[in-house]
Amino acid sequence: MVILNRKHTLHGAPMPCMSRLPHPRIRAKPVFTPQTHGTRRVCASSPTQQPLIASTPEGVHMRQATQEDMPFIRKAILREWMNPLGHEPSRFCVAASKGGDGREEIIGFGQMELKSQGAQGPGRQWELRSLIVERQHRKKGVGTALVETLKSRCSQGDAAYLVTLAVTQDFYKRLGFHVVAKPPAWLAPEAALGQVVSRLAGYTDGLVVMCWER
């Protein structure tokens, strides 16, 4: 599911990610050396790291997540009250930039999970989830770049779904998503539970299920 921060903002727009609603705690890889710098997750820069797309904010690059990134990712997901399950590095895209010390700093991430398991070619279904941008880097286009990078994993004829607060849907509409009346069967339980939890949390407009088709 999709809900991001308690103020629901990302890239100057409402920021969704239903996984953060308060509920019970329910390919070549780049070469780098993980390090800890204060409370940030940083790693030494490597010339083998390549951006996945070029249309990113200045000073930011996108790359595939690695196993070494996962402690930082899991901690951020728990902090934002998102679903802590299903964190396979290959599903994640990481947005990174150089910190003041010149080392790489993770400033955001998201994942695109294949839900029609075993399906090959067009017509597969995906879920966009776990989208987080660190607070000091929001409203700068990082969230948009992450979503567009994750969408690029879909083939022609594929569809990507997400569950988000109704008040945050405009962000995704600008990226080509539209509201659907009926979620696919694999997403229905999550959407139903999310509706209940969101209203208990005070979001009277509830949730919407959205879809994007390539």
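Those helices (runs of 4 or more DSSP H) of the range 129-205 in which 2 or more residues are out of contact with any strand residue (DSSP E or B) (no Cβ under 7 Å at 6 or more places or on another chain) and not aliphatic (A, V, I, L, M) occupy 142-151, 188-200. Here Cys211 meets each of (1) modelled with pLDDT under 95; (2) over 21 Å from Glu88 (Cα atoms); (3) in a strand (DSSP E or B) with one exception, condition (1). On the given criteria, is Arg124 modelled with pLDDT under 95, crowded, with 18+ Cβ neighbours inside 10 Å, more than 14 Å from Glu148 (Cα to Cα) and of a type in the set (Lys, Arg)? Criteria met by Arg124.
Based on this model, can you work out whether Leu165 counts as modelled with pLDDT under 95 and either surrounded by fewer than 14 Cβ atoms within 10 Å (Cβ to Cβ) or out of contact with any Gly (no Cβ under 6 Å at 6 or more places or on another chain) (or both)? Please lay out each step first, then the result.
Details: modelled with pLDDT under 95: yes; either surrounded by fewer than 14 Cβ atoms within 10 Å (Cβ to Cβ) or out of contact with any Gly (no Cβ under 6 Å at 6 or more places or on another chain) (or both): yes.
Spelling it out, Leu165 is indeed modelled with pLDDT under 95 and either surrounded by fewer than 14 Cβ atoms within 10 Å (Cβ to Cβ) or out of contact with any Gly (no Cβ under 6 Å at 6 or more places or on another chain) (or both).
Residue check: Ile107 meets all listed conditions (1) buried (at least 19 other Cβ atoms within 10 Å of the Cβ); (2) at pLDDT below 90 but one, namely (2).
Per the conditions (1) farther than 28 Å from His61 by Cα; (2) at pLDDT 95 or above; (3) aliphatic (A, V, I, L, M), the sole criterion not satisfied by Ala201 is (2). Yes or no: Met112 at pLDDT 95 or above, crowded, with 18+ Cβ neighbours inside 10 Å, outside any helix (DSSP H, G or I) and in contact with a strand residue (DSSP E or B) (Cβ under 9 Å, 6 or more places away or on another chain)? Here the answer is yes, as Met112 does meet what is asked.
Looking across Ala65, Ala44, one residue alone is modelled with pLDDT of 95 or more and closer than 13 Å to Ala96 by Cα. It is Ala65.
The values are calculated or read from the model by the stated rules, or taken from the named source; none is laboratory data. As the structure is a computational prediction, the values presented were derived from the model and not from experiment. Don't worry about glycine lacking a Cβ; one is built from the backbone with ideal geometry, like all the others, and counts go over all protein chains shown.
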